[in-house]
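In what follows, a single structure is set out as structure tokens and then discussed.
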Protein chains: 2
Amino acid sequence: MKEATLKEIAEKLGISITTVSKALKDYPDVSLKTKDAVISLAKKLNYSPNSFAVNLRTKESKTIGLIIPEIVHHFFSNVINGIVAEAEKNGYLVIILQSNESLELEKKQVALLINKRVDGIIISLSNESNDDSHLKEIIARKIPFVQFDKIAKLIHSSKVVINDQLAARNAVQHLIDNGYRKIAHIRGPLNPQNAIDRFIGYKKALEINNIPFDASLVYTCEKVTFQEGIDFAKQIMADHPDVEGIFAITDLVAVGVLSYFNDIGIKIPEQVAVIGFSNWFMSRVLTPKLSTVDQPSHEMGVTSFKLLLEEMNCHKKEIPFTPRTIELETKVIARESTFKKK
Amino acid sequence: MKEATLKEIAEKLGISITTVSKALKDYPDVSLKTKDAVISLAKKLNYSPNSFAVNLRTKESKTIGLIIPEIVHHFFSNVINGIVAEAEKNGYLVIILQSNESLELEKKQVALLINKRVDGIIISLSNESNDDSHLKEIIARKIPFVQFDKIAKLIHSSKVVINDQLAARNAVQHLIDNGYRKIAHIRGPLNPQNAIDRFIGYKKALEINNIPFDASLVYTCEKVTFQEGIDFAKQIMADHPDVEGIFAITDLVAVGVLSYFNDIGIKIPEQVAVIGFSNWFMSRVLTPKLSTVDQPSHEMGVTSFKLLLEEMNCHKKEIPFTPRTIELETKVIARESTFKKK
DNA sequence: CTGAAAGCGCTTACAG
DNA sequence: CTGAAAGCGCTTACAG
């Protein structure tokens, strides 16, 4: 089956391509009779406009690009879900790429999307990202651009984030409020802003409660994996047998801790309390149920797309757009792993 | 910054557009001197070919479409990962759409991708899908097409699947081998082929072991959720207090069962053994650790893309392509939730 | 109400 | 080795 074109319809009907095009787009200056004829023939031929030609003419593809560190990740798959859903509602499609936490790959993906001429780009940075040049390129090309979660602070784009400092402070405060004072922190890598902010939040909570900060209680993930949770749990118990609580950068790591403690028979929270971050689905079905910080991942996706859409609309109409930063709410979810100390 | 074009480069260099195009594509019939001049100016102007124009000329977009029931799903996010990774390796981008388990939405998404003129389509059907017309449309338009996991048997396309009957039979056999004989099955909805096949596998295992089939031990999920796992666990214990094992259609449901049993103090596997399906990450960190069937989700994605690529290449060269079905291996993962009965 | 024409930016068969 | 020309399929400003 060859694809029908405007030309074909025009020839069959003995009218011009212009009129066919107008009829299909319901322009007011086409007679009803012509419109009917065109529309019914188009339906019969199963006509659908060639999007390649439309893209070229209109200079937009109704497609956006999304770059995230990893798809298989409860947080990110929820964000994707929010973005895809909101995009669809507005007639946009989403191309998804992963950076695999590699700066080099992230740069390549950005270049790909620029070449593809997507209408806009949404990104959450890789853990390695400590260089802005590829992001500056997006800005320089005036491509609508939103960063979420793991952002480059200094790049002037719209951003959707949570208050990581405050959220982490609240998590640690929750441990303290429940009677745990000697608290270790398994932090994220050194680059990402959110790992830095959560670490600062941890320190602030200690400070507010007059607990001296002890650098030897801080452990730094390289890859932020389940296995690192296991390894650091072991390490922490070796270094600080009297530790009372652990605050992990994210649930996956906390689950590693919990899994190790369960396996070797360390009671949670009786011997050590554990709190994670992100409220992965998993955390509520573990034994013990894991306390964590709820992060509105789906909403983060929806909001990111909405901001991008605003900017894309301005871009199309050549109206200036001022990037905005939106901060979403988090809250501590108290579960068994941090029950009050007796 | 306005985007550079071939025309611009040609004018600046005082040569023709044709020559510029050829130089950039490294045609052999362009002088080295010209090539150098073109390439260096292109670099200077930050030239990247307008993909909209290229698409229109070459009639391909190096983009494929993927439709799945749900993104936030350990199995599907792993498949996505496999597809995106393999696509990238071959210079293809992936547009992802969800059907949200709705046939109507699935049809809409197929129409979207056809309009978009993607080079190929990969799909896993929604639970509601009991109508083929949209899939036939893909075939009729000769768009390269691969189905995976939840497939329409009668549609003549390439397919990537597991042997659901055998895998389910093995799961139930594992329960029986470990001493559990009164086994309930929480099955999937009535439409999906894989739910049907797993149910058949369950029955076959019983038959082989001379255990009479009892329809009242079969419970049918509508949505295949965590909550249904909880609800059916409760129901099963009410209907059959002497049940010895439960085989759930997928880990998410099995986790619901496990969560309910943990909460009300039913011991697994001492009182009831539980086995799931899919080997979600979660299953290995629960208490007790959940036995399940490993399904090679990432590989399923990679294989699906490879098959699609083969078909796209034939399509481009107008060579006929014969759809193939590839069956991937599964294996039972024995963990605590099905330890040998004492 | 209808249509001729230009143009989006590229690729490629063909001529010289 | 270089380039004029056609054409991919559409949209739209303009003329009548």
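Filter region B:34-45 down to the residues that are surrounded by 13 or more Cβ atoms within 10 Å (Cβ to Cβ) and more than 12 Å from DNA strand C (Cβ to nearest atom) and list them by number. Quick ask: steps written out before the conclusion?
Within region B:34-45, the first condition is being surrounded by 13 or more Cβ atoms within 10 Å (Cβ to Cβ), and the residues that meet it are B:34-35, B:37-39, B:41-42, B:45.
The answer is B:Thr34, B:Lys35, B:Ala37, B:Ile39, B:Leu41.
Residues checked against (1) under 20 Å from the mean Cα position of the chain (by Cα); (2) surrounded by fewer than 20 Cβ atoms within 10 Å (Cβ to Cβ); (3) within 26 Å of A:Ile139 (Cβ to Cβ):
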position	(1), (2), (3)
A:Leu290	no, no, no
A:Val293	yes, no, no
A:Glu299	yes, yes, yes
A:Glu310	yes, yes, yes
A:Glu318	no, yes, yes
A:Thr325	yes, yes, yes
A:Glu336	no, yes, no
A:Lys342	no, yes, no
Taking first residues from region A:2-27 that are within 14 Å of chain B (Cβ to nearest Cβ) and part of a loop (DSSP other than H, G, I, E, B) and second residues anywhere that are among the β-branched types (Val, Ile, Thr) and within 7 Å of DNA strand D (Cβ to nearest atom), the pairs with Cβ under 9 Å that are 6 or more apart or on different chains are A:Thr5/A:Ile17
Residue set B:Ser77, B:Ser61, B:Ser48; condition within 15 Å of DNA strand D (Cβ to nearest atom), within 8 Å of another protein chain (Cβ to nearest Cβ) and surrounded by 15 or more Cβ atoms within 10 Å (Cβ to Cβ); output residue B:Ser61
Is there a residue in region A:115-131 that is more than 9 Å from every other protein chain (Cβ to nearest Cβ), part of a helix (DSSP H, G or I), open to solvent by less than 50 Å² (accessible area, probe 1.4 Å) and more than 20 Å from A:Lys316 (Cα to Cα)? no
Can you tell me which residue is farthest from DNA strand C (Cβ to nearest atom) among those in region B:15-33 that are loosely packed, with under 10 Cβ neighbours inside 10 Å and closer than 19 Å to B:Asn46 by Cα? B:Asp26
Result of the Cβ filter at 8 Å on region B:49-61, keeping first residues that are within 14 Å of B:Leu6 (Cβ to Cβ) and partners that are more than 6 Å from DNA strand C (Cβ to nearest atom) and in a helix (DSSP H, G or I), at least 6 apart or interchain, is B:Pro49/A:Asn115; B:Pro49/B:Leu24; B:Ser51/A:Asn115; B:Ser51/A:Lys116; B:Phe52/A:Phe52; B:Phe52/A:Asn55
Just to be sure, is A:Glu88 at pLDDT below 95, under 14 Å from the mean Cα position of the chain (by Cα) and of a type outside the set (S, T, N, Q)? no
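Being free of Cβ contacts under 8 Å to residues at least 60 places away in the same chain and among the hydrophobic types (A, V, I, L, M, F, W, C) is the requirement here; does B:Ile275 meet it? Break it down into steps so the answer makes sense when it comes.
Working: free of Cβ contacts under 8 Å to residues at least 60 places away in the same chain: no; among the hydrophobic types (A, V, I, L, M, F, W, C): yes.
No, not satisfied.
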If B:Ile71 passes every condition in (1) surrounded by 23 or more Cβ atoms within 10 Å (Cβ to Cβ); (2) more than 12 Å from every other protein chain (Cβ to nearest Cβ) but one, which one does it miss? (2)
When restricted to A:Glu207, A:Glu228, A:Glu222, the only residue closer than 20 Å to A:His185 by Cβ and free of Cβ contacts under 8 Å to residues at least 12 places away in the same chain is A:Glu207
Among the residues of region A:205-238, what is the count of those that are over 23 Å from A:Pro192 (Cβ atoms), of a type in the set (Val, Ile, Thr) and assigned to a helix (DSSP H, G or I)? 1
Subset of region B:198-246 (residues that are surrounded by fewer than 13 Cβ atoms within 10 Å (Cβ to Cβ) and among the β-branched types (Val, Ile, Thr)): B:Ile208
Taking A:Arg169, is it under 30 Å from B:Asn55 (Cβ atoms), in contact (Cβ under 8 Å) with a residue 12 or more places away in the chain, open to solvent by 20 Å² or more (accessible area, probe 1.4 Å) and in contact with a helix residue (DSSP H, G or I) (Cβ under 7 Å, 6 or more places away or on another chain)? no
I'm trying to understand the selection: among the residues of region B:269-291, which are assigned to a loop (DSSP other than H, G, I, E, B), hydrophobic (A, V, I, L, M, F, W, C) and within 11 Å of chain A (Cβ to nearest Cβ)? B:Trp280, B:Val285, B:Leu286, B:Leu290
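Can you find, within region B:80-104, the residue that is surrounded by the fewest Cβ atoms within 10 Å (Cβ to Cβ) among those that are in a helix (DSSP H, G or I), at the interface with chain A (Cβ under 8 Å from one of its Cβ atoms) and in contact with a Leu (Cβ under 9 Å, 6 or more places away or on another chain)?
Applying the first criterion (in a helix (DSSP H, G or I)) to region B:80-104 yields B:80-89, B:103-104.
Filter again for at the interface with chain A (Cβ under 8 Å from one of its Cβ atoms), leaving B:80-81, B:84-85, B:88.
Imposing the further condition that a residue be in contact with a Leu (Cβ under 9 Å, 6 or more places away or on another chain) reduces the set to B:80, B:84, B:88.
On the way: B:Ile80: 26, B:Val84: 22, B:Glu88: 18.
Looking at residues that are in a helix (DSSP H, G or I), at the interface with chain A (Cβ under 8 Å from one of its Cβ atoms) and in contact with a Leu (Cβ under 9 Å, 6 or more places away or on another chain), I get B:Glu88.
Just checking, which of A:Lys306, A:Lys267 is within 30 Å of A:Gly91 (Cβ to Cβ), surrounded by fewer than 24 Cβ atoms within 10 Å (Cβ to Cβ) and not aliphatic (A, V, I, L, M)? Don't jump to the end; show me each part of the working.
Numbers: A:Lys267 fails: within 30 Å of A:Gly91 (Cβ to Cβ).
Exactly one residue qualifies, and that residue is A:Lys306.
Would you mind stating whether B:Val257 is buried (at least 24 other Cβ atoms within 10 Å of the Cβ), within 14 Å of another protein chain (Cβ to nearest Cβ), of a type outside the set (Asp, Glu) and in contact with a strand residue (DSSP E or B) (Cβ under 9 Å, 6 or more places away or on another chain)? Write out each step before concluding.
Numbers: buried (at least 24 other Cβ atoms within 10 Å of the Cβ): yes; within 14 Å of another protein chain (Cβ to nearest Cβ): yes; of a type outside the set (Asp, Glu): yes; in contact with a strand residue (DSSP E or B) (Cβ under 9 Å, 6 or more places away or on another chain): yes.
Answer is yes for this residue.
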Any residue that is of a type in the set (Ser, Thr, Tyr) and in the same structural domain as A:Leu93 (by TED's automatic domain parsing) - is there at least one of those in region A:264-284? no
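Take the residues in region B:239-253 that are assigned to a helix (DSSP H, G or I) and of a type in the set (Asp, Glu), then tell me which one is farthest from the chain's Cα centre (by Cα).
As a first pass, look at region B:239-253 and keep what is assigned to a helix (DSSP H, G or I): B:239, B:251-253.
Of the ones still in play, those that are also of a type in the set (Asp, Glu) are B:239, B:251.
Working: B:Asp239: 35, B:Asp251: 16 Å.
Ranking the candidates gives B:Asp239 first.
Suppose the filter is within 13 Å of another protein chain (Cβ to nearest Cβ) and under 18 Å from B:Arg181 (Cα atoms); does B:Glu336 pass it? Break it down stepwise before answering.
Details: within 13 Å of another protein chain (Cβ to nearest Cβ): yes; under 18 Å from B:Arg181 (Cα atoms): yes.
Answer is yes for this residue.
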Being open to solvent by less than 30 Å² (accessible area, probe 1.4 Å) and either farther than 19 Å from B:Thr338 by Cβ or among the basic types (Lys, Arg) (or both) is the filter here, so list the residues in region B:172-197 that pass it. B:Arg187, B:Gly188, B:Pro189, B:Pro192, B:Asn194, B:Ala195, B:Asp197
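One line per residue, one yes/no per condition, for (1) free of Cβ contacts under 8 Å to residues at least 12 places away in the same chain; (2) polar (S, T, N, Q); (3) at negative phi:
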{"site": "B:Lys43", "(1), (2), (3)": "yes, no, yes"}
{"site": "B:Ser77", "(1), (2), (3)": "yes, yes, yes"}
{"site": "B:Ile96", "(1), (2), (3)": "no, no, yes"}
{"site": "B:Leu113", "(1), (2), (3)": "no, no, yes"}
{"site": "B:Lys116", "(1), (2), (3)": "no, no, yes"}
{"site": "B:Asn127", "(1), (2), (3)": "no, yes, yes"}
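The values are calculated or read from the model by the stated rules, or taken from the named source; none is laboratory data. Only a predicted model underlies this, so the values are computations on that prediction, with no experimental measurement involved. With ideal geometry, Cβ positions are generated from the backbone for all residues, glycine too; neighbour counts draw on all protein chains shown. Areas reflect the complete protein model, heavy atoms only, side chains present, ligands, DNA and RNA absent. Shrake-Rupley method; radii C 1.70, N 1.55, O 1.52, S 1.80 Å.
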